[in-house]
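Novice: One structure coming up, written as structure tokens, with questions to follow.
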Amino acid sequence: MRKTCSILLAGTLVLGSYGVLQGATLKNRWSFNEPGGQTTAVDSVGGKTATLMNGAYFDGSGSVWLNTPNLPSSDPSGDYVALPPNIITGYTAITIEVWYTPFVTAFWSRVWDFGNSLNNSGGSTSYFFMRTGDANGGVLGDITIMVPARNTQQVPGPVVTAGSETHLVWTSDGNTGVARIYVNGQLGGETLGFTNTPAMIGETTNNWLGRSQWGADPYPNLSYNEFRIWDGALNPLEVAASYVSGPDTVNTDPGTLNSIEVQLPSALTKGSGANARVLARMSRIPFAVDVTGMPGLSYRSSNTDVVTVDAAGRIRAVALGTATITVEFTYGGQTRSAQQDVTVLNLEPILIHRYSFNDDGSSVAVDSVGGAHGTIQIAAEQRDGQAILYGTALSYVELPANLITPQTITRNAITFEAWATFGPNANWARLFDFGNTVGSDGGNYVFFCPRSGGNDSRFIISNTQPGWSGNGEQGVYIPTIMDNWTNVHIVAILDFGRDLAAVYTNGRLAGLNTSMTRELSAIINNYSYLGRSLYGADPYLNGMIDEFRIWDGALSAQQIVASYRAGPNSTNNAPGQFISLDIEVPARITAEWQARARVIGNWQNAPNVDLLADPDLTLTSDNPDILTVGSGGLLTAVAPGTATLRARYQGLEATKQVQVVAPSATLVHRWTFNETEGNRVEDVVGGAHGYITYATNTLGVTNAYWTGAGELVINTNAALGATDAYIDLPDGIISKLTNNATFETWVTIYNGDYWSRVFDFGSLPGGPTWTAEPNIFFARGAQFNWVSGSIGGAALPTGTKVHLVVLFNESEKQAKYYVNGVLAAMSQPGAVNLSLSQINDTNNWLGRSLYSEPMPTPWRDPYLQAAYDEFRIYSGLLSEAQILANYAVGPNPPAQAPTLAARIQGNQLILSWPSSATGFTLHSTTSLGAGATWSPVSGTPTLVGDHYELAVPLADAPQRYFRLQR
């Protein structure tokens, strides 16, 4: 018997489940107690002197005053306070605490703003600010970073009362991902998944109180009593204690724990959930403090068959019945508990508003159910049972405010239902929009848009103002526009208890998001529109609305289909008797790619119902090593083999077998750039030779050269005055590929322009719209685009060689790309609806965009400034293992790949490889697969015969994997 042994370096380091709890440390404190006439403020803790600028002054009573409202921040003569450079540099967790009194503030005025803007242009720099807000919009905290790519994260907060001193606190911790705003000791706003930190901003030179990095933002009129910076995030009890202690005393001790209470709904619908909020009463604090998320909290359910609860306090209703949730909180050595009964019921949705538009010629949109009548605006019509909207100003329907509130939506879910006809529309026209408007910006809204600016339709909820800012928007993106759709039935659902948003069109599930985190409270329903956006610049809807309904609760999939079949003139959505169950799934899926399964239920009055959003459905795979099942029926093919899907629903079961096949690829074109002269770029595999070409160059200069070391450099010599060199590859090489394609390159990029192309395959645009025919391209930004969709991620770095692999999969209708062996972005299955054979590829270019000069402005994408080392095209799909192997070997693989051998000798692992493996070095990683980081192994190899050897102590930890890499 022969024994085999896998050699791994094994070592284990065990850390506690929770790190050491460390409190925040006060680093800076400005109390502004200086006498009138002085222009510097003392930091009594850190010794960092602040400077009063221009007309800012001390009042001699412990405050500093700023009084140049409405003057733009671009004017340096305004009143503000300048803190020293780099005052927050390096902080990964921080607390900013201030007592201030606002008098006259604009929406975007600043309480503070730390950054390094040039000429007051905040758009290209990192910063950390707190907005003052005004009477119409609250405070807002923002940390924006620029490296590796621009990323803005925000926390919205409440309106602060003018003329009243306010205690305002910001806390954020990049490790926990929690950022909060507190106003007068109480939680005012919270964002989870907040990972931006001051350390990511880097050095800051403009650290201002009362002035913005953005030149258009006005200075405020306000006074500061106290300003503090803490290293670390104060917890909610410490913030409340500091508020109670006041600005003249630093004391964050909340006292002893007296009692707690838990806030949970007393009734839930089966399949829904809720987040427990826990309030604590402390001896030094005269109000209850929200301590949700603090260490020391624990939860348990008396009956997990009815209601489950996790360590974070998220409860789930799994079956009918009642369970008791018990919460314990330990703080300062004391423990208190509280309980709440939760009953799980079958709560049917209730129709609360119905607009049928049956009153011809009337300006009243009658609500036949809820009595919340709306108004047909003067440029719209009510005729033939429809609201007719012409896409012009004053052509919309206005419904009453506050139709959507926690008081009106009692089931923690809301359904919008409509029958509508859409004509040609401009981007961002709305079917409906419920929320708020400040100035010309919408916010805290929920809307449905049949045509967005991204070539799709969208159902969106946002918890920020403006709604587009701070990653506030979440929802469903449907990869189609609805222009010229006739009498389409649209159902849009927000189920807050199930973290779900869904859209159905004509009874079929069109889009699903099961990772929602927005709550009903995000919507501030001051305005309610049909056919109009809350954003002043957006167009009005061109179309007709036959019926519009609002339901308290989530319609089931079978109710939706029954309603669709019944039509707009009936509210009977009873599905009738349940008949059968089936699974729709591709018989074959390529390994490492994905597909969507549909589980279909058939009822007497509702056939062909997609059940993926139904809480009673379970869909599983009998072999997760071959095929896994994710949310929304997302199937991921893991490895070749066969797996059986099993669906169970209300006592019925259906199965389907799926075969997973290995990906395969054939190299059909390879350009190595090994030439040393001339303008021909040789294809050493397929004979499809390319040529160095110039677009508009009339200067007779050549801004391209061969390095002689296997690279072609283009457009890097700015002194020549012409940067329009590119590589023109032969016509037809893309459209001839069979179904799937892989594009692989090693390239060093020198310019930072987003839209410069690594490659662009298609045909030049022409005609008055200057729209290119179907094409595919990869832009440095980074973005891979196939006209009707795109994927993107962090910008490709400049000045360093990058291995880029782009995969285009027509079989699963999916695309993805890798950067340096790591998966960077992947589309949803079904998103790629372009066939390579559809591309009229008469312009196949490296380094040039189809929208480059001489295209008219505003197109004119810049030419790429780069050094190409290798470009390959495969018919088919490389596997991830092949991509990793190619990245490890590099663009010039040896005729025979070197082998790495290992043996144990004493307490050492001896690794050896051929001395002929020129340029290869030993690398290791602690894990395999996507995201693995390979690093050089320390030590100098020893030449033993015709092999290199390197000894690694077996006592090294943790476990490691090894490979050769060049």
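Laboratory data are not the source of any read-out in this text; all were calculated from the coordinates shown. None of these values were measured; they are calculated from a predicted model. Here the Cβ positions follow ideal geometry from the backbone for every residue, glycine too, while neighbour counts run over all protein chains shown.
Novice: If you plug each phi of the range 258-269 into the Karplus form 6.51 cos²θ - 1.76 cosθ + 1.60 with θ = phi - 60°, what whole-Hz ³J(HN,Hα) values come out, in order, with x for Gly and Pro?
Specialist: Values per residue, Gly and Pro as x: 8, 6, 9, 9, 10, 10, 8, x, 6, 9, 10, 7 Hz.
Novice: Can you work out the FRET efficiency for the pair SER368 and ASN572, with r the C-beta to C-beta distance and R0 = 25 Å, to the nearest 0.05?
Specialist: The pair SER368/ASN572 has a calculated efficiency of 0.95.
Novice: Continuing with the same structure: Using the Kirkwood radius over Cα pairs, work out the Stokes-Einstein diffusion coefficient for the range 665-889 at 4 °C and 1.567 mPa s, in µm²/s as a whole number.
Specialist: In µm²/s, the coefficient is 74.
Novice: Still on this structure, I have one more. Let me make sure I get this right: for the range 350-566, a, b and c are the square roots of the gyration tensor eigenvalues over alpha carbons, sorted descending. Under 1.5 in a/c it's rounded, otherwise prolate if a/b > b/c, else oblate. Which is it? Write out the running numbers ahead of the final one.
Specialist: Values: a/c = 1.26, a/b = 1.15, b/c = 1.10.
It comes out rounded by the Cα gyration axes.
Novice: Could you give the length gained by full extension between GLN659 and ARG646, i.e. 0.36 nm per residue of separation minus their alpha carbon distance, to one decimal place?
Specialist: 3.2 nm
Novice: To the nearest 0.05, what FRET efficiency results for VAL684 and GLU949 with a Förster distance of 30 Å applied to their C-beta separation?
Specialist: 0.25
Novice: Continuing with the same structure: Using Cα centres only, tell me the gap between the range 915-966 and the range 587-611 in whole Å.
Specialist: Using only Cα atoms to place each centre, the spacing works out to 47 Å.
Novice: Please list, in chain and number order, the residues 5+ apart from ILE579 or on another chain whose amide H is under 5 Å from its amide H, with Hs placed from the backbone.
Specialist: Answer set, sorted by chain and number: ASN602, TRP603, GLN604.
Novice: Can I ask one more? Once amide H atoms are placed 1.01 Å from N in the peptide plane, what residues at a sequence separation of 5 or more from ALA365, or on another chain, have their amide H within under 5 Å of its amide H?
Specialist: Long-range HN contacts for ALA365: GLY374, THR375, ILE376.
Novice: Once every DSSP H run of n ≥ 4 in the chain is given -39500 (n - 2.57) and the sum is divided by its residues, what mean residue ellipticity at 222 nm do you get, rounded to the nearest 500 deg cm²/dmol? Could the numbers behind the result be given before it?
Specialist: Values: 4 runs with 34 residues, N = 966.
Mean residue ellipticity at 222 nm (helix-derived): -1000 deg cm²/dmol.
Novice: Using a basic spin-label model with each label point 7 Å from the Cα along Cα→Cβ, how many nm lie between VAL822 and ALA881?
Specialist: Label-label distance for VAL822 and ALA881, simple model: 2.3 nm.
Novice: Please list the non-local residues whose amide H lies under 5 Å from the amide H of ALA41, H modeled 1.01 Å from N, same-chain partners needing a gap of 5 or more.
Specialist: Here the answer is ALA50, THR51, LEU52, since their amide H atoms fall under 5 Å of that of ALA41.
Novice: Using alpha carbon coordinates only, what is the Rg to Rh ratio of the chain, with Rh defined as the Kirkwood radius?
Specialist: Result for the chain is an Rg/Rh of 0.98.
Novice: Something else now. By average Cβ neighbour count within 10 Å, what is the ranking of 791-801, 383-393 from highest down?
Specialist: With the highest mean Cβ count within 10 Å placed first, the list reads 383-393, 791-801.
Novice: Name the lysines eligible as straight-distance cross-link partners of LYS801: C-alpha to C-alpha under 29 Å, and not fewer than 8 places from it in the same chain.
Specialist: Counting by Cα, and skipping residues close in sequence, LYS801 has these lysines nearby: LYS816.
Novice: Would you mind calculating the gained length between ILE910 and ALA379 on full extension (0.36 nm times residue separation, minus the Cα-Cα distance), in nm to one decimal?
Specialist: 182.9 nm
Novice: If packing is taken as the average number of other Cβ atoms within 10 Å across a peptide's residues, how do 137-145, 435-443, 614-622 rank, most packed first?
Specialist: 137-145, 435-443, 614-622
Novice: In addition: Karplus couplings for the range 410-427 from phi (6.51 cos²θ - 1.76 cosθ + 1.60, θ = phi - 60°), rounded to Hz, Gly and Pro as x?
Specialist: Taking θ as phi minus 60°, the curve returns 8, 9, 6, 7, 9, 10, 9, 10, 8, 10, 8, 10, 10, x, x, 10, 7, 4 Hz for the range 410-427.
Novice: Let me ask another. Applying a 10 Å radius around every beta-carbon, put 175-183, 84-92, 526-534 in order of their mean neighbour count, most first.
Specialist: Per-residue mean Cβ counts within 10 Å order the peptides as 526-534, 175-183, 84-92.
Novice: In whole Hz, what ³J(HN,Hα) sequence does the range 630-646 give by Karplus (6.51, -1.76, 1.60; θ = phi - 60°), x for Gly and Pro?
Specialist: So the Karplus estimates, Gly and Pro as x, are x, 5, x, x, 6, 9, 10, 7, 8, 8, x, x, 10, 9, 10, 8, 10 Hz.
Novice: Quick check: the distance between the Cα centres of the range 630-671 and the range 348-374, to the nearest angstrom?
Specialist: 47 Å
Novice: Post the alpha-carbon centroid distance, the range 169-241 to the range 426-443, in whole angstrom.
Specialist: The range 169-241 and the range 426-443 have Cα centres separated by 29 Å.
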